[in-house]
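One structure below.
The values are calculated or read from the model by the stated rules, or taken from the named source; none is laboratory data. Predicted model, so just to flag it, every value in this text is computed and none were measured. Glycine gets a Cβ as well: all are built from the backbone with ideal geometry, and neighbour counts include every protein chain shown.
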Amino acid sequence: MIVEFGHFALVLALAVAVVQMVVPMWGAYRRNAALMAVAEPAAMIQFVLVAASFAALTYAFVVSDFSLVLVVQNSHTLKPMLYKISGVWGNHEGSLLLWALILALFGACAAWFGGNLPPTLKARVIAVQGSIGVAFLLFMLLTSNPFLRLAVPPLDGLDLNPLLQDPGLAFHPPFLYLGYVGLSMAFSFAVAALIEGRVDAAWGRWVRPWTLAAWVFLTIGIALGSWWAYYELGWGGFWFWDPVENASFMPWLLAAALLHSAIVVEKRESLKAWTILLAIMAFGFSLIGTFIVRSGVITSVHSFANDPERGVFILMILAVFMGGALTLFAFRAGVMEAKGLFAVVSRESALVANNLLLSVAAFVVFIGTIWPLLAELFFGRTLSVGEPFFNAAFSPFAVALAVILPLGAMMPWKRGEILRGMRPLLPVALLAFALGTLVWAMQTGRTALGPVGVALGIWVVLGAVLDLWSRTGRGAFAGRMARLGRLPRADWGKVTAHAGLGITIFAVCAMLAWKTEDIRIVQEGGSYPLGSYEVTLQSVDEVQGPNYSSTMATMIVRRDGALVATLTPEKRFYPVQGMPTTEAAIDYGFWRDIYLVIGDPQANGGYAVRSYIEPFANWLWAGCLIMAFGGLLSLTDRRYRVAAGASRRSAAVPAE
Amino acid sequence: MKRILLGLMLAFAPMAPVHAVQPDEVLADPGLEARARAISRNLRCPVCQGESIDDSNAPISRDLRLVVRERIMAGDNDAEVLDFVVSRYGEFVLFNPRAEGANLILWLAGPAVLLLGGIGAFAYVRRRGQAAPAPATLSAEEQARLRDLLGK
């Protein structure tokens, strides 16, 4: 009954979405306030209906209702409750429902917080958001209905893929989707502005918080996924340039570019057409990402042919929205003349360079991701594009971005001078160079990656600190300290996010360059050295988990005789799916992680054991979190609260 | 056809969890072993989802790892080892596509777009420095709203 109710709510949501798409758009065209006013309640009702549908599906998973095909295929009575719930979105149909839910949520947010948008713009934004909702709800009901029943329900389900039964991955998809789908707001604002024929500083200010929120969620989602890969896949890698990962990375790069170009629109009324194009493309890449993940087309053209219905449908959605938006853009781009003037050396130019590098980097990731497909289609070659290509083709962009970041961030608007801008940064540059060289000298015979990471990290982090300090003006130290606390949150957000990027770049380089690895056979009770540590394999026991059996090793890590950690790496076997997994045991540390993996028993006794020392691993996730935190800080800046209508009192917007 | 065969082989292979690089595979000479690891990271497991043979647990990856080490012991240089593997499994197993033929498009697309974009961006920036300032005007709607606000 509850399931039928959910199914019905979903169909009703589609009907409401159609109304939300058509009526306000028509109303905005006719300047009819009554028709435009339909937008708000429609967006909210659509959200409530999709939420009810989602709740019904969650209920079916929680009570293990095996009359639903989806529950049978992805759940099991013995599964812990957390994974019964995360199982809702751990599959194609359920993840689409989550997608639709978040899409409707953003539409409803635009209705709630869009208080001081011009009425026609608001109606159009919500209508465009509604049209995306129509597409995805149709997609679900026609090709991927989560509410299909079984005539004869089985006694128990087939369980969720054990690799996905993990807290890190339980929350990875929701964050990622909040990011992906959040970009739909930037898209809706762009299309609405194109229809409206008007892009100004106010538009830049309205679109930025949505993009910022989407970017923050994407950052957290990607970091969670990467962290999961690090501890779950059993060899300490954190990024694989896998098509699915790239699918989330491309929108992230474009969202980062969009954030920066929208600043130029807001502050200087330039780069309008480009910003609109970026907003369209950023969401376009979210759709492409969905297509890549959901159709299986990249893994092989053949797997696509097995289930072409869904892939073709997403491709149609992509074609309609991208084709429509880009056509509109081609007609209207001329309307958006730029107002602000700026010299070749200026903050504006630096942000143009930032955008160029970020979007070409996204393009490089894109072409690398789809090249196997293109090569097979047009040249009949089955080939692969993997880590070595991406490392070679992407890294130069990351390095160039890091190098120009502190310079551009401190460059004045309109007109600057390279030399004057460089002067306060000179000590930082020298320090970064000196420490990079020092590290280079200390580690003869290894890759240059480590020293480069050290130099770039110091350059970006200290550059950000200096940027904040320079905002306090001149005068006595105490006065500047006092002013530091009164700087707008946006300033703090900017330097926090930049510093987080610096830390992330450093950690990536450090982990790739200085990892220690050891693979050997160890007898029970035996010891072996690992870096400056000594590891003992004390015992190996069989343990029974809730829905798996486990071979658990107890390993003791000592340093100079003193106990550092007792770790229990496991090898689990999930009988329902017949699938083994490795559970690495990690001693998290500030400077390094000790990462132990127990392997198979050997014929002549003993176990295969792999051990790694991962330097600065935690800095990587910390860097990502600091970046996301910077975005959040910026999001709480009072001018957004004023702009969002949360606070009606007139407040002086801090001058920049 | 080869890939279908491999898939069938995998389907009927006993599902024994074999792990990436086993202790018994490791070469005694650390220099040679380092080369073998570097080469295997560039070779794709033919039956997995985008894993290198260095990380993969599939039996065929173990065979490939052993082949790589055999060729190294036989005195091949890195390029010869790769050639040997590619001649048997096709260029599908190479993670780093060779910059030849159609693959040049892949390798040159990034730099080409950067160059074009760079020229376009520079031209735009130059123009912004020289264009006459556009007069700031309010639309009729904004004029009305302004009057409205000032009136209050």
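Taking the residues in segment B:1-44 that are part of a loop (DSSP other than H, G, I, E, B) and at pLDDT below 50 as candidates, determine which candidate is nearest to the other protein chains (Cβ to nearest Cβ). Walk me through it before giving the result.
Residues of segment B:1-44 part of a loop (DSSP other than H, G, I, E, B): B:1, B:13-22, B:26-29, B:42.
Pick out the ones that are also at pLDDT below 50 and you get B:1, B:13-18.
Working: B:1: 11, B:13: 14, B:14: 12, B:15: 7, B:16: 8, B:17: 4, B:18: 7 Å.
Filtering segment B:1-44 for residues that are part of a loop (DSSP other than H, G, I, E, B) and at pLDDT below 50, the one nearest to the other protein chains (Cβ to nearest Cβ) comes out as B:17.
Please go through segment A:551-578 and pick out each residue that is part of a strand (DSSP E or B) and either in contact (Cβ under 8 Å) with a residue 40 or more places away in the chain or buried (at least 18 other Cβ atoms within 10 Å of the Cβ) (or both). It would help to see each step written out before you state the result.
First, the residues of segment A:551-578 that are part of a strand (DSSP E or B): A:551-559, A:562-567, A:570-574.
Of everything in segment A:551-578, those that are part of a strand (DSSP E or B) and either in contact (Cβ under 8 Å) with a residue 40 or more places away in the chain or buried (at least 18 other Cβ atoms within 10 Å of the Cβ) (or both) turn out to be A:551, A:552, A:553, A:555, A:557, A:565, A:567, A:570, A:571, A:572, A:574.
Being free of Cβ contacts under 8 Å to residues at least 24 places away in the same chain and of a type outside the set (A, V, I, L, M): is that true of residue A:245 here? Spell out the reasoning first.
Values: free of Cβ contacts under 8 Å to residues at least 24 places away in the same chain: yes; of a type outside the set (A, V, I, L, M): yes.
Yes; evaluated as a whole, the condition is true for this residue.
Return yes or no: is residue A:13 closer than 30 Å to residue A:156 by Cα and within 32 Å of the chain's Cα centre (by Cα)?
Values: closer than 30 Å to residue A:156 by Cα: no; within 32 Å of the chain's Cα centre (by Cα): yes.
No.
Residues checked against (1) touching a Pro at 6+ places or on another chain (Cβ under 7 Å); (2) assigned by TED's automatic domain parsing to the domain that holds residue A:238; (3) over 30 Å from residue A:464 (Cα atoms):
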residue: A:527; (1), (2), (3): no, no, yes
residue: A:540; (1), (2), (3): no, no, yes
residue: A:561; (1), (2), (3): no, no, yes
residue: A:578; (1), (2), (3): no, no, yes
residue: A:585; (1), (2), (3): yes, no, yes
residue: A:636; (1), (2), (3): no, no, no
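Does residue A:455 satisfy the criteria of being closer than 30 Å to residue A:256 by Cβ and outside the structural domain of residue A:593 (by TED's automatic domain parsing)? Before you say what the answer is, go through the steps one by one.
On the way: closer than 30 Å to residue A:256 by Cβ: yes; outside the structural domain of residue A:593 (by TED's automatic domain parsing): yes.
Against the criterion (closer than 30 Å to residue A:256 by Cβ and outside the structural domain of residue A:593 (by TED's automatic domain parsing)), residue A:455 qualifies.
Checking the conditions here, which among B:114, B:108 is assigned to a helix (DSSP H, G or I), surrounded by 17 or more Cβ atoms within 10 Å (Cβ to Cβ) and either within 14 Å of chain A (Cβ to nearest Cβ) or touching a residue at least 24 places away in the same chain (Cβ under 8 Å) (or both)?
Numbers: B:108 fails: surrounded by 17 or more Cβ atoms within 10 Å (Cβ to Cβ).
Exactly one residue qualifies, and that residue is B:114.
Given segment A:336-428, what helices (runs of 4 or more DSSP H) lie entirely inside it while holding 1 or more residues that are closer than 17 Å to residue A:241 by Cα?
Details: elements: A:347-379, A:387-410, A:418-422.
Ranges flagged: A:347-379, A:387-410.
So is residue A:90 within 22 Å of residue A:173 (Cα to Cα), in a helix (DSSP H, G or I) and not assigned by TED's automatic domain parsing to the domain that holds residue A:195 or not?
Values: within 22 Å of residue A:173 (Cα to Cα): yes; in a helix (DSSP H, G or I): no; not assigned by TED's automatic domain parsing to the domain that holds residue A:195: yes.
The answer is no for residue A:90.
May I ask you to verify whether residue A:112 is under 20 Å from residue A:294 (Cβ atoms) and not acidic (Asp, Glu)?
no
Report whether or not residue A:612 is at pLDDT 90 or above, within 14 Å of chain B (Cβ to nearest Cβ) and buried (at least 20 other Cβ atoms within 10 Å of the Cβ).
Yes, satisfied.
Every residue in segment B:128-152 that is in a helix (DSSP H, G or I), under 30 Å from residue A:118 (Cβ atoms) and either facing another protein chain (nearest Cβ under 10 Å) or at pLDDT 80 or above (or both), please. Spell out the reasoning first.
Keep residues of segment B:128-152 that are in a helix (DSSP H, G or I), which gives B:128-130, B:140-151.
If we keep only those that are under 30 Å from residue A:118 (Cβ atoms) too, we end up with B:128, B:140-151.
Result: B:128, B:141, B:142, B:143, B:144, B:145, B:146, B:147, B:148, B:149, B:150.
Based on this model, can you work out whether residue A:396 counts as modelled with pLDDT under 90 and either within 30 Å of residue B:38 (Cα to Cα) or more than 10 Å from every other protein chain (Cβ to nearest Cβ) (or both)? Break it down stepwise before answering.
Values: modelled with pLDDT under 90: no; either within 30 Å of residue B:38 (Cα to Cα) or more than 10 Å from every other protein chain (Cβ to nearest Cβ) (or both): yes.
For residue A:396, the condition - modelled with pLDDT under 90 and either within 30 Å of residue B:38 (Cα to Cα) or more than 10 Å from every other protein chain (Cβ to nearest Cβ) (or both) - is not met.
Is segment A:387-409 home to any residue that is touching a strand residue (DSSP E or B) at 6+ places or on another chain (Cβ under 9 Å) and touching a residue at least 12 places away in the same chain (Cβ under 8 Å)?
Yes.
Name the one entry in A:447, A:437 that is within 17 Å of residue A:399 (Cα to Cα), touching a helix residue (DSSP H, G or I) at 6+ places or on another chain (Cβ under 9 Å), in the same structural domain as residue A:500 (by TED's automatic domain parsing) and not in a helix (DSSP H, G or I). Walk me through how you get there before you give the answer.
Working: A:437 fails: not in a helix (DSSP H, G or I).
That would be A:447, the only listed residue that is within 17 Å of residue A:399 (Cα to Cα), touching a helix residue (DSSP H, G or I) at 6+ places or on another chain (Cβ under 9 Å), in the same structural domain as residue A:500 (by TED's automatic domain parsing) and not in a helix (DSSP H, G or I).
Name every residue in segment A:155-175 that is under 24 Å from residue A:102 (Cβ atoms), among the aliphatic types (A, V, I, L, M) and not in a helix (DSSP H, G or I), in order of residue number.
A:160, the sole residue that qualifies.
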